[in-house]
Amino acid sequence: CSQSTLRAVSAFCDAIDRAGIRDRFFRLNLFAGNSDASLAAVRTPLFRGQSLGGTQYGNTTDTNVNFVAGDYAETGASSGLKGNGSTKFLDTGVNANALTANNSHMGFGLRATQTGGAAFRTLGGAFNGTANSFEMAVRRNNTNRNCFFTRFASPSDQAGEETLLSALGIGDVLMAYPSFYRNGAATGGTATTSENYPNAHAIYIFALNQTNTSAISHTDARMNWYSIGLTMTSSQALAFYNAVASFNTALSRT
């Protein structure tokens, strides 16, 4: 990667350390580095555990399914990876049952939102095929886009188990139980109940892993980071957003 990218990554890590939130991350990928046919740098997460020497979660790199070099840009308004809503996703290897229901977060840097009717478009997650899921999903209808974060809960009980953000647009979205944040600010919605995910199903990004047998609900969004880990307070969520925002500014990710 370039010297400018190395400096931006170093500054990001310093900001995370100074904020005291390094232990919040099981996995974080900033989708940065040079593009090649295999997208090797892009698929390499910055963090794979709460510390460098501690437990590491998931694959050494995200397993690529169908993304090509042309789907990626490091800088500019089109930064990040672009899904296609049908066949492309990443397998993190992080099992959803590694996270505790009331102490978890999932976040994404949305740089282009979904299209396509009222279908669910999952930014990332796992689903056991019956009653439990860990996912952040977007459903678009004729008038707005609503973002749901399901914390190991029954998809049929959305009112009690999910938090809704109306008119979701481009920005940095974080669900840190029990609150939803967009661009570092709480949206006002909070969770009420949760339950642990029962299965060792890997979390996918750009799609939903259904029982380790298929990827469903693919998104065609463009995203330039994702994060999975422990929950954050409002001040921690703001510190994380500020670190991401500074990183994006350094790489001209408008």
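The values are calculated or read from the model by the stated rules, or taken from the named source; none is laboratory data. Predicted, not measured: the structure shown is a model, and the values here were computed from it. Don't worry about glycine lacking a Cβ; one is built from the backbone with ideal geometry, like all the others, and counts go over all protein chains shown. Heavy atoms of the whole protein, side chains included, go into the accessibility calculation; ligands, DNA and RNA do not. Shrake-Rupley method; radii C 1.70, N 1.55, O 1.52, S 1.80 Å.
Given a 1.4 angstrom probe, I'd like the percentage of the accessible area of the range 201-249 that is carbon and sulfur, rounded to a whole number. It would help to have the intermediate numbers written out before the result.
Values: 720 of 1400 Å².
Here carbon and sulfur together make up 51 percent of the probe-accessible area.
Residue by residue, what Karplus-based ³J(HN,Hα) values in Hz, rounded to whole numbers, does the range 219-230 have, using 6.51, -1.76 and 1.60 with θ = phi - 60° and x for Gly and Pro?
Calculated HN-Hα couplings, in order: 9, 10, 5, 9, 10, 10, 6, 9, 8, 9, x, 8 Hz.
If DNA, RNA and ligands are ignored and the probe is 1.4 Å, what is the ranking of E195, E74 by accessible area, most exposed first? Mind showing how you got there, number by number?
On the way: E195 85, E74 35 Å².
Largest accessible area first, the residues go E195, E74.
Sort largest first and round to whole Å: the equivalent ellipsoid semi-axes of the range 1-47, each the square root of five times a Cα gyration tensor eigenvalue.
Output for the range 1-47: semi-axes of 22, 14, 4 Å.
In whole Hz, with x marking every Gly and Pro, tabulate ³J(HN,Hα) for the range 55-62 from phi via Karplus 6.51 cos²θ - 1.76 cosθ + 1.60, θ = phi - 60°.
4, 9, 10, x, 6, 4, 10, 5
Mind listing the long-range amide H neighbours of F47? Cut-off is under 5 Å, sequence gap 5 or more, other chains count too, H placed in the peptide plane at 1.01 Å from N.
Answer set, sorted by chain and number: L28.
Residue by residue through the range 85-100, what is 3J(HN,Hα) from phi via Karplus (6.51 cos²θ - 1.76 cosθ + 1.60, θ = phi - 60°)? Round to whole Hz and write x for glycine and proline.
Each residue of the range 85-100 in turn: x, 8, 10, 9, 6, 10, 9, 6, x, 7, 6, 4, 7, 6, 9, 8 Hz.
For F180, enumerate residues with amide H under 5 Å from its amide H, sequence gap 5+ or separate chain, H modeled in the peptide plane.
Result for F180 returns T187, G188, G189.
So, counting K/R as plus one and D/E as minus one, what does the shell of residues with Cβ under 15 Å around I21 add up to? Present the calculation step by step, with values, prior to reporting the outcome.
Numbers: positive: R18, R22, R24, R27; negative: D14, D17, D23, D172.
Here the charged neighbours net out to 0.
Could you provide, to the nearest whole Å², the per residue accessible area of the range 54-108 with probe 1.4 Å?
Numbers: 2010 Å² over 55 residues.
Accessible surface, normalised per residue, equals 36 Å².
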